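What follows is calculated from the coordinates using simple rules that are stated; it is not laboratory data. Just so we're clear, the structure is a prediction, and the values are computed from it rather than from any experiment. Quick reminder, even Gly has a Cβ in these numbers, built from the backbone with ideal geometry, and neighbours come from all protein chains shown.
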Amino acid sequence: MRYISTRGRAPELGFDDVLLAGLATDGGLYVPAVWPTFTKDEWAAMAALDYAGLAARIIAPFVKGSVIEKQIGEITKAAYAGFTHKAVAPLVQLDTNLWSLELFHGPTLAFKDYALQLVGLLFDHVLKARKSRITVVSATSGDTGSAAIEACKDRDAVDIFIMHPAGRVSDVQRHQMTTVLSKNVHNIAVAGTFDDCQNLVKDMFADSRMRGDLNLSAVNSINWARIMAQVVYYAWAALRLGAPHKEIAFAVPTGNFGNVFAGYVARKMGLPIAKFAVGSNKNDILTRYFETGAMTANGVVPTLSPSMDIQISSNFERLLFDVYDNDGAAVTSLMDRFKQSGEYSVDAKVHARILQMFSGTRLDDNGIKRVIKETHTATGYVLDPHSAIGVAAAQAAKLPVGTPVVAMATAHPAKFPDAVQSAMGQRPALPPHLADLLTREERFTTLPNDLDQIKAYVRKHARHT
Ligand SMILES: *Cc1c(COP(=O)(O)O)cnc(C)c1O
């Protein structure tokens, strides 16, 4: 499979280079040059596969020509072997036509594990074939750091450095990162804010000598391989509920538009998906876009669903490229306008096309608490604040009668115990394998918000050279 940039001016690459590159050199995001598709009969036959088997089948066309092409079956098996539910991504029925797809049975209890557990293995296999190593450097305000650490720990070809703002992440989130004692994992508590951490990462990437010496790499959600891995659970849920013979809808709590874009890819591949109901919190740039056709950035406000406190949905660029029929110049001009003025509008015809497939809903913190409480009262089921936004989006979506709706449960409620407790008066417990998390031995290094000291630390501990 060849990959092209959404801005149309970067070299075409194969899967292995796209995996390692992240962003394209023209500032765009990589997408497959053609969307692979399966026939109705092929989809129907996939209903017999287990999660790892389905993953291998769906991923196969995307990794054609890669050094890992022949091993994809064993890699997906290893990636999902440690998940704590036999179904990997179980469906729980909440109402006549409403299901919760539980995407929190991976090591860090959030849906990012479903992509990153696979991506960590892919890195290791591709780098070993190339006899190379990478140094992953990333900043985190909570969830991404632990998922990336669990994905990269003990991988021979990867060293990982995660910076978090000292004293500013929750106890559960910190322990999920700092109790991983593997030799290739380095947690740095920076005496500063999350923005300081992010600036330190940017400055390190801007230092081309350091970047080259250490083969610096990122694991953020603009990486195509993460999207690819997420297509699998859309197909998994749809096949359980009657696809390809029946239409299904999805409701997705969204920040960067990565998760919901993976659903769009599943639709491009031939699954009958009627609609995507996109949920936002108070940071509602997407909801406003669906209402008006204009993308306008405002400031970010903190909410009870912190993993969605984002104002720029980077992966929306991939959707624009597709609905503009792969016109890289059109996408470039929209993105340039956004960078300059914080605003762009989409052509009316294109906007109408987008509205046929997507609808938007916003939910503020009071709404989040109300949905958690109502769902618990009606069904006994406990939602986390992000998943509550998914359920609200499902309830607001106008769908043909009888269409099953799958709401994505993107985190375990015990990751956000304070919010859940304030909504329904009970504190959710961590699952048994993490029950002792807060008493486990921690290891991290505290460093000042000083680029030279942090660079020296990373150089000293990275194995690349
Ligand atoms: C990252 C995250 C999201 C947002 O996902 P996107 O792919 O950025 O849309 C939603 N919920 C949780 C719990 C997350 O960790």
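Data table
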{"quantity": "Descending Cα extents along the principal axes, the chain, whole Å", "calculated": "61, 52, 48"}
{"quantity": "For Asp113, Asp327, Asp436, order by how many other beta-carbon atoms lie within 10 Å, fewest first", "calculated": "Asp436, Asp327, Asp113"}
{"quantity": "Segment 1-83 - Rg over Rh from alpha carbon coordinates, Kirkwood radius", "calculated": "1.04"}
{"quantity": "Alpha-carbon spread of segment 254-313, three principal axes, descending order, Å", "calculated": "38, 24, 14"}
{"quantity": "Relative contact order of the chain, defined on C-alpha pairs under 8 angstrom at six or more residues apart (%)", "calculated": "19 percent"}
{"quantity": "Cα centroid separation - segment 378-407 against segment 1-31, whole Å", "calculated": "35 Å"}
{"quantity": "Lys/Arg +1, Asp/Glu -1 at C-beta; the chain dipole; positive extreme among Val180, Pro448, Ala429", "calculated": "Val180"}
{"quantity": "26 Å Cα-Cα reach of Lys275 towards lysines, excluding residues that sit fewer than 8 places from it in its own chain", "calculated": "Lys40, Lys112, Lys246, Lys349, Lys369, Lys398"}
{"quantity": "Size of electric dipole in the chain: Cβ of Lys, Arg +1 and of Asp, Glu -1, about Cα centre, debye, nearest 20", "calculated": "520 debye"}
{"quantity": "Per-residue Cβ neighbour rank within 10 angstrom, fewest leading, Thr287, Thr446", "calculated": "Thr446, Thr287"}
{"quantity": "Rounded D (µm²/s) - segment 366-418, Kirkwood Rh over Cα pairs, Stokes-Einstein at 4 °C, 1.567 mPa s", "calculated": "112 µm²/s"}
{"quantity": "Charge-dipole axis of segment 84-230 as Lys and Arg at +1 and Asp and Glu at -1 on Cβ define it, positive-most pick from Met204, Leu122, Ser146", "calculated": "Leu122"}
{"quantity": "Within segment 339-400: Cβ-based charge dipole about Cα centre, in debye rounded to nearest 20 (Lys, Arg +1; Asp, Glu -1)", "calculated": "160 debye"}
{"quantity": "Residues of type aspartates and glutamates that Lys415 reaches as a straight line, Cα spacing below 17 Å, ignoring anything fewer than 8 places off in the same chain", "calculated": "Glu102, Asp113, Asp143, Glu150, Asp171, Asp309, Asp365, Asp384, Asp436"}
{"quantity": "Relative exposure of Tyr30, Tyr457, Tyr51, judged by other C-beta atoms within 10 Å (fewest first)", "calculated": "Tyr457, Tyr51, Tyr30"}
{"quantity": "Under-5 Å amide H pairs with Arg362, H placed in peptide plane, nonlocal only", "calculated": "Ser280"}
{"quantity": "Spatial separation of Cα centroids for segment 73-109 and segment 211-283, in angstrom", "calculated": "15 Å"}
{"quantity": "Segment 96-208: proportion of alpha-carbon pairs further apart than 24 angstrom, %", "calculated": "30 percent"}
{"quantity": "Long-range Cα-Cα pairs in segment 175-215 (distance over 13 Å), rounded percent", "calculated": "65 percent"}
{"quantity": "Estimated 222 nm signal from helices in the chain, with DSSP H stretches of n ≥ 4 weighted -39500 (n - 2.57), rounded to 500", "calculated": "-13000 deg cm²/dmol"}
